[in-house]
1. Could you list Thr197, Thr180 so that the one with the fewest beta carbons within 10 Å of its beta carbon is first and the one with the most is last?
2. Sequence neighbours fewer than 8 away in the same chain don't count; with that in mind, list the lysines whose C-alpha is under 17 Å from Lys45.
3. Listing Leu95, Leu193, Leu37 from the residue with the fewest other Cβ atoms within 10 Å to the one with the most, what is the order?
4. Tell me, Ile174, Ile71 in order of fewest to most beta-carbon neighbours within 10 Å?
5. Hey, which aspartates and glutamates would be in cross-link range of Lys40, C-alpha to C-alpha under 19 Å, not counting anything within fewer than 8 residues on its own chain?
6. Stokes-Einstein at 25 °C, 0.890 mPa s, Kirkwood radius from Cα pairs: D for segment 27-121 in µm² s⁻¹?
7. Evaluate the charge dipole of segment 39-149 about its Cα centre and quote only its size in Debye, nearest 20, assuming +1 on the Cβ of each Lys and Arg and -1 on the Cβ of each Asp and Glu.
8. Hey, what did segment 27-121 get for relative contact order, percent, Cα under 8 Å, at least 6 apart?
Amino acid sequence: MRPTRWAWLVALLFLPAGAFAQAPAVITMDQEPHHHLSLKNDYLKVFRVEVVPGDSIRMHQHDRDTIAIAIGDQMVTVGFPDKPAVHQKNPDGQLRLQKTGYVHSTRVDPGTSYHTVAVELLQPQGNPRNLCAAVMAGQPLNCPAPPAGASSAKNADEPQFQSDQTLVQLVRVIPGQKMTIGDLKYFELVVALDPGTLSPAAGGGKEQALRPGDFVWFVNGGPSRVFRNNGKSDARIVKFQFTPIDPNGKWL
């Protein structure tokens, strides 16, 4: 004799409450409480991310391609919704491209700190590729031969990543030297990995101290500024160059 409909209903009443629970919805990077939006324009969003030892970044999804910059060494466990977690070290200065749709959480090991600058690229990136660093995991390097004049005794440019819209470089300035930042053709974001100072190239303005993780946005056609390394070791900066777009959203 088959159970009646009432018998099935009674059985359902005695099921554990968790049997009806659904997996929590995956939040966006904007909603993740450790990601603090510090800059937004037509080209990017910049998030400061700082997590104390033993705490975790919640499971979230990247809605656009994002380049994460490690400020200091990081020991973390990266969780995923559909595969085992991975314990890894993110070395100081590492750049990682987190593709659109990437979903993960990050737990910080006890005894270690976590400081990241996350640069979300708001425009679609055509033909993305690694240059001299594995920014896109699992993809080959395409390190170009340095053009004449690309480096000097004062600094060295190390191309990291490029798309049809964006170029990312790591620049090293040796102790006691300086370099001019600013290019009339591009918008630029500069992220400091080491301490340094910025001052107007024309002189007469106030000097700005940069600490690891600080960043500055340079407008196309705006005044140049001078970065100085007053320390005893190389000062590194990460420089993003963006091709301008017109008011209709087309690349120039």
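What follows is calculated from the coordinates using simple rules that are stated; it is not laboratory data. Everything numeric here is computed off the predicted structure, so don't read it as measured data. As a convention, Cβ positions derive from the backbone with ideal geometry for all residues, glycine included, and neighbour counts pool all protein chains shown.
1. Thr180, Thr197
2. Straight-distance partners of Lys45: Lys99, Lys239.
3. Working: Leu95 21, Leu193 24, Leu37 13.
By the 10 Å Cβ count, ascending, the order reads Leu37, Leu95, Leu193.
4. Ile174, Ile71
5. Asp30, Glu32, Glu50, Asp63, Asp65, Glu120, Glu188, Asp214, Asp246
6. Numbers: Rh = 13.3 Å.
In µm²/s, the coefficient rounds to 185.
7. 180
8. Taking the mean separation of contacting Cα pairs over the length of segment 27-121, I get 39 percent.
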